[in-house]
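Below: one structure, written as structure tokens.
Every number in this text was worked out from the coordinates using simple rules, so none of it is lab data. Remember, it's a predicted structure, so these values are computed and weren't measured experimentally. We place every Cβ from the backbone using ideal geometry, glycine too, and count neighbours over all the protein chains shown.
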Amino acid sequence: MVTNRCLECGCVEYFSCDLKKIASDYNAEQGKYAGEYKQYNVKFDHPFIEIDNNKCVLCARCVRICSEVVGANALGLVNRGYDTYVAPALGNSLKDTSCESCGMCISACPTAAISENFTFKPGPVKTETIESVCHYCSVGCTLNYHIKGGHIWQVTGAEGQVNKDGNICRFPKFGYVAMNDKARITRPMKKENGQFKEISFDEAYQIIADKLKSGKPSAFFAGARLTNEEMYLIKRTSDQINATTGSFHYLGRGKGYGQNTPYNVPFEQLNQASHIWLLASEINKENAVAGFMISNNRAVKHIPLTLITCKEESSMERKCDELIHITSNYSFIRAANHYLLSNNLQNSLFLNDHVKGLEEYKSALLKNSFADLCEAAGCNQDTIKVFAEGYNNAINGILVFAEKNLCALAAKEIHHLALITGKLGKTASGILSLKEKNNSEGIQNSGIMRKVKSNSPEEWNAVFSQSKNLFIFGEDPIGCAFDKNQVKLWFDNKEFILVQEYTLTETAQKADLVMPASYAPEIGGSFTNTQRTIQWFDHVISGPMEHNSIHQLISIASATGVSGMNDVADAHKEMLKAITEHASTKELDMVTTNHTGRVKYFDYGCDAEFMKTTLYFENALKK
Amino acid sequence: MDTINVILNGKSVTGNAGDSILDLARRNGIEIPTLCNDPRLEPYSSCYVCVVEIEGMKGLQPSCSTKISEGMKINTETDTVRKGRKAAIDLIVSNHYADCAAPCKLTCPAGVDVQGYISLIEKGLYSEAIGLIKKTNPLPAICGRICVRPCEVACRRNLLDEQYGVGIDYLKRFAADQDLLGATHYKPEVKASTGKKVAIIGAGPGGLSAAWFLQQEGHQCDIYEAAPAAGGWLRYGIPEYRLPNDIIDKEVATITELGVNIFYNQKLGDNLSYKDLKEKYNATILTIGSQTGTSIGCEGDDAGNIFSGIDFLKNMEVTRQRYDFRGKTIAVIGGGNTAMDCCRTSKRCHADKVYVIYRRTEKEMPANPIEIHESKLEGVEYMFLTAPKKVNIDANGNIASLTCLKMELGEPDASGRRRPVVVEGSDFEVKVDYVLAAIGQKTNVNFLNDINANTGGGELKVTKWGDVDCDKTTLQTGIPSVFAAGDGVTGPATVIEAVAQARRAAHSCSQFLAGEALVPEKTEFLSKKDNFKKQVKDEYKGHFESQMRHEMPTMDPSDRINFKEVELGYQSLS
């Protein structure tokens, strides 16, 4: 490329540098104290972060944010006095430290001493800044896209409802490059003799309409990355032809996650905790901004953090005050519940007033011996006693856990724990359930999983064997499967498979028709974060397609007789009406759980894009 | 929460216990600069930029880490505070070995953001790239062909010993052509009409640029051009094999499409009077160029068949008749770009032999090296260290031959170039049929009386070199409503300098029209590595991947006896 010869001598922060602004305001003179000066080589060895010590003003904001907020301690000040400079801890390369590649140091730097190691020429050029909501995880951070000419030049944090101080993590900070990727699918592709061939959108709609009207048993799948509006349109279409709907994201994992979410401790109350327990969560990677809040409270307010993990090596080990290794989340919580109930430590006032089914639950649970449960949990009895009493007695005890890494039944048992201790729904106390994807909560509320009563593997096996036509939106069950051969069987002997995706994923390759998918910032809409907040965002860029995802879904829905919706705003209105109609206040109940046959089939939230971005980080950082 | 009362810059305000002075000031809309403070982090107070004065306390206190207390009297904007902050910043920047802006941008007279537009071109965003260029230079397709490219000289790629810096102009031309030839081209926003009108004298690069900038501000611009077509020396001086007329036409159209009018065959002081302009317009901008060629200044230089180079070029463009130099020998005197245009054009007029006579060596030639290279390919011969002494005349009074002197280089002169010194007794004779003098141009202000008779206040003056006199910063002349820019102010210079001046004149003119004081655009602080030391090859070689410049495809030299464009432009950038 001819343009590669430009050495980019000018500074990437030309338009945003604090030092340049202040120096201009105060008519600074570079020659005023001329004499000795330091000269450093610029370090490019980290795939995402570039360090230019020449530009450093030694404010140590990068060092401090890495320690006070991120808790990674990957950067430090080396030497003293005039010789001081910022450098990665314990080595020459930031890549070889505990750096989590979150990019928070970049956000803190008042110059360009620490900046993004861009994969393209960053200019700098003046861009338009458009606020949006992150489309990676369920924390729901607000961020700014910096746009010019339909290209995303940079992503920075914005002060949002969740991330009040504008923090964001590596996913939005560096993952945006996928949206600029020219290799995306932009036109419908039809498989003919095993080969994909581009066809027009109208031709594709006709094929889909014919299949929808065929009367054949069909199943629709919506991914947890989709907007509420996309989910709604998919559900409407499916309902029109009386098809089954589901989401591979939650497929076969049972039911029980949804119950906790309404009682989640709000993120902003984490700083009032007296003790935080983190269960089954690599929070610094999976829901990093929530992790920053916990680490920040630990560093500054000294709120103790206990990590409970089944992982032999957890990335949170370095960032906690106490570490409990276990082998079963489900049994660990059951053992704690057993301990509290058998020792009569439960909050009876709360239970009597609010909860049904305690006695049945208690008698069933106490049939197990505490010792057996502890053994199943993989830790000694004292540890569980200390945990159970500690949580029970904490003034503001918060148990934070990730849905991703535990089954629905374990989530249900956590719910029981919060009921037994009477902490559920109290201020700065109780539980905080973190979800994997940006709209994992949205899919729970969308009604898409309403038809599958138990959401069990058996139930789904029956669906797959009956369905002739499969319509899959934004999911890659084959590519993300733990056991690809098992999952592939579901797609055999189908008459028609439609996949809507960004790229030709493994599932898309099985399809008869592939439709190009829009990234959320290209269509606008809403996500529901793990705190059940529906966050609307406008569309940011038009994207590379003639018909975006919303346009496609409206066209497909209209083939089944759905009318009256012309754009994403219409879909949003209808979606809100629909979820309000179905919203019901459930009584708090306790039910006996039995840990059998609940499988997690997919990693990465069953999202090829999430997988690609996660692997992009992992591979780039391989040592 | 406990409330605390303090006096902040003389005003009573209340804050909460535990607030820092910085927090309180921010909440009260008072900006205190800081580098080390981050609202997400505990105070650190290392930069000492946020200092303030607290009455009763010695010295300055960092506002980020000083908590407010009852009755505290804080001043955030005193001279002492500003001095203290400046000292802190001066110290920081004195150890800030870094560049804010690239040398290409800093060297460009118009300050075109080269690095910015190259990054846009990289992404195929050609119209966006042109939009960025046109913020300071409305003529990228033209400049992409004929700019003297000081940027490429300043380019640090030169330090990598790859023969050339970045082909900045080639990239600009590529983007400009893509934009001009595309279905839609870049068009800036034009502000709502201010009701003000500006007369611009001359449709050369300066006049066109002034119109481009002023029209966008909502002022109606009318250009009065003496010639029958727009472009000034772009059209009448630069031959078509370097700058085709249709490129000029297309780029001029991007200016007229904003609502700018151009009236042709209207010459101020001739068939156009300032009196009429003054009645119709609120302001005037003189972008008259330097119109008159300088003679060679030796005995017999008034003989027949001796022309000034620019007249030679202009005549052909005006008449659309090429000279027929078949069987003739041409001597071009001079070493600048006009000399190059003359010698290469002479070749295209079928001259037998073309000499360029230059009193210094090739190294000192001000002409663009690529021009010298191409002229040699086309068969032009050079006589360096040679100066004309005398013109010998034939019976018809036309030149028959030129007596020349050999020169040698002596001590450097004011321009830093070594001064040519005559080698005594080195006279020799060259037989030539035509001489084209390309050694300079002069500004011709023939309308001075006409203007000054009609000013109604103020006087237009010329400098001792005969150029339009004006304030060097604001470009306002002795008549408040008259501004000037381009060669007419500087004497013969470059297109990009005319463009840059026109932008400044437009800026001043716009302020004048709004009744504001004339203030130049604020200059920003720019950190420069060159402020610390000269950049040297050793620190660049090996630090960057080596990549040679993609050469500009050109027409085969054997196929150039015509006026078709020689440089063909990049076909793609991959």
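Structure values in brief
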read-out	value
Rel. contact order, % - alpha carbon contacts under 8 angstrom, at least six apart, chain A	18 percent
Net dipole in debye of the protein assembly as shown [+1 Lys, Arg Cβ; -1 Asp, Glu Cβ; about Cα centre; nearest 20]	720 debye
Candidate lysines for bridging to A:K367, where Cα separation is under 26 Å - those fewer than 8 sequence places away on the same chain excluded	A:K255, A:K356, A:K385, A:K412, A:K423
Stokes-Einstein translational diffusion, the protein assembly as shown - Kirkwood Rh over all Cα pairs, 0.692 mPa s, 37 °C, in µm²/s	93 µm²/s
Count of Lys pairs (Cα-Cα under 22 Å; at least 8 positions apart or interchain) in the stretch B:1-131	9
Pairwise Cα inverse-distance average, inverted: Kirkwood Rh of chain A (Å)	26.1 Å
Convex hull volume of chain B per residue (C-alpha atoms, cubic angstrom)	218 Å³
Chymotrypsin sites (Phe, Trp or Tyr not before Pro) restricted to the stretch A:90-172 and DSSP loop, no more than 16 other C-beta within 10 Å	A:F120
Cα→Cβ-extended label distance, 7 Å offset, between A:K484 and B:V318, nm	7.8 nm
Radius ratio Rg over Rh of the stretch A:261-434, counting only Cα atoms, Kirkwood formula for Rh	0.94
Convex hull projection area averaged over all views, the stretch B:3-93, Cα basis, nm²	5.6 nm²
Cα-Cα over 26 Å, subset of A:K211/A:K510; A:K301/A:K600; B:K135/B:K464; A:K121/A:K197; A:K43/A:K173; A:K190/A:K453	A:K301/A:K600; B:K135/B:K464; A:K121/A:K197; A:K190/A:K453
Selection of trypsin sites (Lys or Arg not before Pro), the stretch A:134-185, meeting DSSP coil and at most 15 other Cβ within 10 Å	A:K164, A:K182
Exercise: per-residue mean of other protein chain Cβ atoms within 10 Å, A:59-69	4
Extent along principal axes [Cα atoms of the stretch A:1-114; Å; largest to smallest]	44, 39, 24
Contact order relative to length of the stretch B:3-93, as percent, for alpha carbon pairs under 8 angstrom and 6 or more apart	34 percent
Gain in span if fully extended, A:F44 to A:L349, counting 0.36 nm per residue against the direct Cα distance	103.8 nm
Rough spin-label spacing in nm, given labels placed 7 Å along Cα→Cβ, for B:E55 and A:S274	4.7 nm
